[in-house]
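Engineer: Before anything else, here's the structure in question.
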Amino acid sequence: MEIDSGSTHFTDFRSPDTNLNGGECMNPMVVNAFPVGIVHVINSGNVESEGDLRMEPSVGLEFDSSDEARDFYGLYAMRVGFKIRTGQLYRSRRDGSVSSRRFVCSKEGFQLNSRTGCPAFIRVQRRDSGKWVIDQIQKDHNHELGLEGENNSPVLQQKPPVVPKSLVEVLRRPKVKLLGQIENGGSSPSGIINFKRQKRGGDGRQPLPEPYTGLEFNTANEAYEYYQSYAESVGFRVRIGQLFRSKNDGSITSRRFVCSKEGFQHPSRVGCGAFMRIKKKDSGSWMVDRLNKDHNHDLGEQMVYENKFSTASKKFIEEETNGMVSMDLGEMNTGKLIKRSRESKIGTDWYPVLLEYFQTRQAEDTGFFYSVEVDNGSCRSVFWADGRSRYSCSQFGDVVILDTSYRKSNYVVPFATFVGVNHHKQPVLLGSALIANESKECFTWLFQTWFKAMSSCRPKSVIADQDMAIQQAITVVFPGAHHRFSSWQIRAKERENLRSMPIEFRYEYEKCIYESQTTVEFNTTWNSLVNKYNLKGNAWLQQMYDKRESWVPLYLRGKFFAGIPIGETVESFFGTQVNGQTPLREFIPRYEQGLEQRREDERKEDFNSFNLQSFSQTKEAIEEQCRRLYTFTIFKIFQDELLQSYSYIGIKTYEEGTICRYLVRRSGNENDKHAVTFSAVNLSVNCSCQMFEFEGVLCRHVLKVFKLLNIRELPSQYILPRWLRNAEYRILCGAESGVSSQELKAFMIWSLRETACKYVECGTTSVEKYKLAYEIMREGGKKLY
């Protein structure tokens, strides 16, 4: 046999007598693919070399592919006495293709205790010809060699022992049919891989082939098992990614299996693009139709698990996920699949820093509250709120926003906030948290802890993300509260699921969502839209329709949300000052600074509302009444509605006993009209626009009817105490109307505590003020006892 020494191709030679099923080769002649000068001839246990078989890597050595370069370096490493890992890759700026790769010693870096920061590596670069050439190399190791390779048979020996099958490698990967021939002596039907018959690579077992486009499987489960085993052999972990359903019948048509480091939802993820997608064929089998084997991170050594997965654990429970959840099945230590949702996404270095901060704040503020979730001795989620936040909740805890927008991008820490809306329509902090993960148990603990810290304050409405875990936790902890989905998440889901739809559909979709005036109109328009574009089988649209009361404006108008606009993203309380990217060393100073800035803005508005007067524009008694009662911000909203009412015409359309109904429409605009119903018994009124129900301020349509009926002042039930200048006494104003004794007591506690704190702050600035404050409190105390 003659080998062209001028060729750098990797060639596969097989003797027809080769038996690949046995533990040794019977009279075989196998020449594995090696670069120039490397020829392995195994013939009845004798090794013959042509030239120097112990060729070492050198700059300029060429290969047909990066995989062949890795195999060469791996064989060299086995002979010398170390193991290798796939290191960093580099991509072309022009087309994003891989332009170079590094293969490093397994002890490179310091991520594990066993690693020593070894500098040994080779780097191969892809030339214009398509060849891969070693352009950088470092052979020196900073650890002893030979220890790692003792259990492996050396690649080259003068008198090698019986050759295990793990060394009979075919670098030109065999097709699936060959795998069937190897195991059963015959062809596999239709070339479909049956994973149950496959064995993982190892001593005495058949090596697993690499995935390629066109590879077929009997079931999606077999495809997952195969890709998981391939990942173990290469050195990465797998997650079950997105699935796609048929528009006709909703059945699953394709699935993606991705590297566990895909995406940026967790600090450990780096946006890795490696994946395998399978598509269902008409025959019922599954075929790999898209594949990317390139990773943008180091690969680990081969992962071997002592226990196999249970069959039930590996099943795709499609009915539970419904195509909306991307499960993470990457961590397998005991043979049991563990969802990554149970892991903590909070770095361990955060806990001591936060606990020290909490203890310091608690010494300064007797109302400061914090709680840490502990699971099996490990810290998990964290919640905290100072006395001012707890007092604010007693005033403005009827509407609560759980801001988890840290999940929009890659984050350092899962920082979330509870936010309310004060009487100036400013955001107020009602608590802060670090969320360990997005599980139902985690959110349930968080809501229960917040509920306890806020003296059992139950919000009427909660604005939070759509995740099923959050929905379930709200139902458990706040039964009866209306859950409104976060606008940013709705928009993201719409972009993801409607991007392939034509412009006409999107226009009609927006019109249906935002212009429907009645539930009948919405349902009719929605069904017409679904039928027109043949979307009855679209699982996402069906899910959104089922949850329409949590995001469609028509259904939200009748719920109180303190006027927080529907369809608009709620501004983060801390803005860019504190978010999921804030590093630990800057977190607390920036948190304190951002909180103080917000509270200073609130103090300015309080001062303006008590010391300045808005201008009246109508001289009507109803305007003067509201000018005296409302804060600046709320009065401007009311005043605008009052001025707009002059542009409307009211016509009585119905009257029976004490009940009257009016049609109120804008002059010159027949389409701008609403129905107002008025009862003279208790001066109750409601309008079809539902502005009062949603915002707590009467609308222009009702004000027009009041003018027609000569009602010169607003009935007390239509002046919400939460919008008054003296909102801190709002519960006392409404103590006789529907406020529970528990809510009343909680408010009084926080109101008195806040007032006492102000006395303390002012009274400690000088000895004279201290004496005055002490005397005031002592004299007041005499009247209480």
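The values are calculated or read from the model by the stated rules, or taken from the named source; none is laboratory data. Just so it is clear, the model here is predicted, and its values are computed rather than measured. All Cβ positions, glycine included, derive from the backbone under ideal geometry; neighbour counts span all protein chains shown. With ligands, DNA and RNA removed, areas are computed over all heavy atoms of the protein, side chains included. Shrake-Rupley method; radii C 1.70, N 1.55, O 1.52, S 1.80 Å.
Engineer: Roughly how many Å² is the accessible area per residue of the range 527-566, as a whole number, for a 1.4 Å probe?
Structural biologist: 43 Å²
Engineer: Would you mind computing the Rg to Rh ratio of the range 449-552 from its alpha-carbon coordinates, Kirkwood style for Rh?
Structural biologist: Radius of gyration over Kirkwood radius for the range 449-552 works out to 1.05.
Engineer: Kindly flag which residue pairs out of LYS261/LYS345; LYS281/LYS547; LYS293/LYS440 have an alpha-carbon separation exceeding 26 Å in this structure.
Structural biologist: LYS281/LYS547; LYS293/LYS440, as the Cα separations exceed 26 Å there.
Engineer: Set Lys and Arg Cβ to +1 and Asp and Glu Cβ to -1, take the dipole of the range 446-505 about its Cα centre, and tell me which of ALA469, ILE490, TRP450 lies farthest positive.
Structural biologist: Of the options given, the answer is TRP450.
Engineer: On to the next question. Stretch GLN242-ASN527 to full length: gain in nm at 0.36 nm per residue minus the Cα-Cα span?
Structural biologist: 99.9 nm
Engineer: Then there is this: Which value, in Å², gives the accessible area per residue of the range 330-477 when a 1.4 Å probe is used on the protein heavy atoms?
Structural biologist: Here the residues of the range 330-477 average 35 Å² of exposed surface.
Engineer: Same structure, new question: Taking a ≥ b ≥ c as the square roots of the eigenvalues of the Cα gyration tensor of the range 655-727, is the shape rounded (a/c under 1.5), prolate (a/b larger than b/c) or oblate?
Structural biologist: Oblate shape, in that a/c is at least 1.5 and b/c is the bigger or equal ratio.
Engineer: Between THR618 and THR764, how many nm apart are label points set 7 Å from Cα along the C-beta direction?
Structural biologist: That separation, rounded to one decimal, is 4.9 nm.
Engineer: Using a ≥ b ≥ c from the Cα gyration tensor of the range 506-622 (square roots of the eigenvalues), is it rounded, prolate or oblate, where a/c under 1.5 gives rounded and otherwise the larger of a/b and b/c decides, a/b for prolate?
Structural biologist: oblate
Engineer: Then there is this: Considering only protein heavy atoms, what per residue accessible area in square angstrom results for the range 637-694 with a 1.4 angstrom probe?
Structural biologist: The answer is 54 Å² per residue.
Engineer: Give the carbon-plus-sulfur fraction of the accessible surface of the range 251-299 in %, rounded to a whole number; probe 1.4 Å, heavy atoms of protein chains only.
Structural biologist: Carbon and sulfur together cover 46 percent of it.
Engineer: Between TYR646 and LYS673, what is 0.36 nm times their sequence separation minus the Cα-Cα distance? Round to one decimal in nm.
Structural biologist: Full-extension gain reported as 8.3 nm.
Engineer: Does the range 544-599 classify as rounded, prolate or oblate by the C-alpha gyration tensor (a ≥ b ≥ c root eigenvalues; a/c under 1.5 gives rounded; else a/b over b/c gives prolate, otherwise oblate)?
Structural biologist: prolate
Engineer: Let me ask something else about it. Report in % the part of the accessible area of the range 446-599 that belongs to carbon and sulfur, leaving out ligands and nucleic acids; probe 1.4 Å.
Structural biologist: Here it works out to 49 percent.
Engineer: Rounded to the nearest 0.05, what FRET efficiency do SER129 and LEU535 give with R0 = 60 Å and r taken as the Cβ-Cβ distance? Could you check?
Structural biologist: The pair SER129/LEU535 has a calculated efficiency of 0.75.
Engineer: Using a Förster radius of 25 Å, what is the FRET efficiency between GLN136 and SER409 based on their Cβ-Cβ separation? Nearest 0.05, please.
Structural biologist: E between GLN136 and SER409, to the nearest 0.05, is 0.15.
Engineer: I want to check the label-to-label distance for ASP601 and VAL353. Put each point 7 Å from Cα in the C-beta direction and report it in nm to one decimal.
Structural biologist: 2.5 nm
Engineer: For a Förster distance of 35 Å, can you work out the FRET efficiency between the beta-carbons of LEU772 and GLU364, rounded to the nearest 0.05?
Structural biologist: It comes out at approximately 0.90.
Engineer: Using 0.36 nm per residue, how much length does the chain from SER97 to SER378 gain when fully extended, once their Cα-Cα distance is taken away?
Structural biologist: Full extension from SER97 to SER378 adds 96.9 nm.
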